[in-house]
Amino acid sequence: MNIPLLDLRAQYQTIAAELEEALLRVARSGRYILGPEVEALEREIASYCGTSSAVGVSSGSDALLAALMALEVGPGDEVITTSYTFFATVGAISRLGARPVFVDIDPETYNIDPEHAGAALSTRTRAIIPVHLYGQCADMTALAELTGSIAVVEDAAQAIGAEHHGKRAGSFGLCGTFSFFPSKNLGTLGDGGMVVTNDAGFAETLRVLRNHGSQPKYCHPLIGGNFRLDAIHAAVLRVKLRHLDRWTGQRQANAARYRQLFVHHQLLEHVDLPVESPGRHTYNQFVIRVKGARRDELKTFLAGHGVATEVYYPIPLHLQACLEPLGYKRGSLPESERAAVETLALPIYPELPPTQQEHVVDCIRSFFQGPTT
């Protein structure tokens with residue numbers, strides 16, 4: 001049995017007719033960059049996230065970059081964020097000449113620890129970027145209490161539709177940024193991103209920045225970039241958005257099934273399962289923590305039995321070679337470093353059959369307990 005970490009073809013097959021109709025509509029329209037499809041998607045995403053505005057951009061990475069540019073983050077500024085995330089988060093900070101200030105994570109949710117974030121504040125702090133990792137919101141209530149009026153840019157790339165105390169990811173801070181990379185819960189056929197906000201002036205600045213700082217055409221009050229969203233991606237996302245809540249429900253059902261199977265096979269002495277804090281977890285990933293320093297061994301064993309897994313993230317950002325000048329050493333952020341060597345993502349995509357989940361967990365049981373007789 002071969003079980004992929006993600007099967008995008010399975011998703012495509014369930015909505016092929018709708019997608020192909022949308023693709024053909026764009027092809028025939030002659031409007032390929034920005035335009036009506038993007039504007040419609042922006043309205044729909046803003047409504048879905050509970051914000052007044054949304055600005056489509058070229059990728060989740062550019063969403064972060066444009067948001068920080070709109071804040072005029074630059075040399076001499078500090079931006080607080082987590083070390084346990086994808087590189088795009090720190091890449092946006094560093095590209096603008098600002099200094100990333102890394103803080104440790106909550107060991108249960110893997111999200112930024114609000115107390116550490118509050119303790120890292122300085123007179124140079126320009127913004128905080130909490131990352132809603134794996135489909136679960138960071139503790140935005142505690143973060144707001146500890147960080148006050150500092151601008152919060154939510155990196156919600158993995159968490160569209162996630163909720164914390166009834167509010168959607170992206171709606172807490174000054175803005176939230178999303179990625180529509182194909183592997184995300186809401187993914188397009190390439191790269192795409194979005195910034196959502198309740199600040200109309202901030203949204204307008206983003207619209208200027210995404211088109212080389214041009215407003216009106218050929219007049220450049222700002223230095224921006226080419227961060228425009230293509231119409232074909234917007235059309236794809238508009239189709240998929242209609243199915244997103246159903247897919248989220250299937251991910252949540254798969255997560256519940258995993259929990260039942262791990263309990264049934266008495267595996268909780270060997271692994272820790274994802275912790276659900278109050279709110280809505282959308283399970284972009286189902287990440288277990290493997291005890292006893294056996295994560296890599298288990299990963300190899302599962303690969304040998306046809307089960308694809310992934311390690312998110314094997315090297316925390318504060319230990320990346322290109323960021324060595326920041327001065328962080330091994331041991332600086334112990335929970336981030338521990339998560340990097342103990343966690344493993346299992347297949348969780350909506351179309352994953354129950355029989356394949358059973359095979360995944362049975363293989364894990366065999367690894368720890370040996371084959372059944």
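FYI, it's all coordinate maths here, none of it is from the lab. Here the structure is a predicted model, which is why all the values come from computation and not from measurement. Neighbour counts run over all protein chains shown; Cβ positions are idealised from the backbone, glycine included.
Each residue of region 37-42 was assigned a 3J(HN,Hα) from its phi angle through the Karplus expression (A = 6.51, B = -1.76, C = 1.60, θ = phi - 60°), giving 5, 5, 4, 5, 4, 4 Hz with x at Gly and Pro. Computed from backbone phi, the HN-Hα couplings of region 231-245 come to 4, 5, 6, 4, 5, 4, 5, 5, 5, 5, 4, 5, 9, 4, 5 Hz, rounded to whole numbers (Karplus: 6.51 cos²θ - 1.76 cosθ + 1.60, θ = phi - 60°; Gly and Pro given as x).
Approximating the spin labels as points 7 Å out from Cα along Cα→Cβ, the ALA293-to-LEU121 distance works out to 4.0 nm. Comparing mean-square fluctuations of VAL196, VAL307, VAL152 from a GNM of the chain with C-alpha springs under 10 Å, the top value falls on VAL307.
Based on the Kirkwood radius over alpha-carbon pairs, what is the Stokes-Einstein translational diffusion coefficient of region 244-369 at 20 °C with 1.002 mPa s viscosity, in µm²/s? Present the calculation step by step, with values, prior to reporting the outcome.
Details: Rh = 15.8 Å.
After rounding, the answer is 136 µm²/s.
Here the gap between ASN2 and ARG31, fully extended at 0.36 nm per residue and compared with their Cα-Cα distance, gives a gain of 6.3 nm.
In deg cm²/dmol, rounded to 500, what helix-only [θ] at 222 nm does the chain give when every DSSP H run of at least 4 residues adds -39500 (n - 2.57) and the total is split over its residues? Could the numbers behind the result be given before it?
Details: 13 runs with 145 residues, N = 373.
Roughly -12000 deg cm²/dmol at 222 nm, from the helical runs in the chain.
Close amide H partners of GLY193, meaning residues 5 or more places away or on another chain with modelled amide H under 5 Å apart, are VAL57, SER58, SER59, PHE180.
Basic side chains Lys and Arg get +1 at the Cβ, acidic Asp and Glu get -1 at the Cβ, and with that the dipole of region 200-349 about its Cα centre reaches some 540 debye. Taking the charge dipole of the chain about its Cα centre, with +1 at Lys and Arg Cβ atoms and -1 at Asp and Glu Cβ atoms, the residue from VAL38, VAL152, CYS322 reaching farthest to the positive side is VAL38. The computed mean projected area of the Cα convex hull in nm² for the structure shown corresponds, within (i) 32.6; (ii) 20.3; (iii) 19.0, to (iii).
In the chain, the longest principal axis of the Cα atoms and the axis of helix 295-304 are about 80 degrees apart. Taking amide H atoms as placed 1.01 Å from N in the peptide plane, the amide H of SER83 lies under 5 Å from those of VAL103, each 5 or more residues away in sequence or on another chain. DSSP loop (so not H, G, I, E, B), at most 10 other Cβ within 10 Å: list which trypsin sites (Lys or Arg not before Pro) in region 170-230 pass both filters. Here the trypsin sites (Lys or Arg not before Pro) that fit, given the DSSP loop and packing criteria, are LYS217.
Figure legend: label point modelled 7 angstrom from the Cα of ARG246 along Cα→Cβ; residues of region 1-23 with amide N under 20 Å from it are 7-23.
Contact order for the chain, expressed relative to its length and based on alpha carbon pairs under 8 Å spaced 6+ residues apart, stands at 22 percent. I'd like the distance separating the alpha-carbon centroids of region 297-373 and region 125-156, in whole Å. So the two Cα centres are separated by 26 Å.
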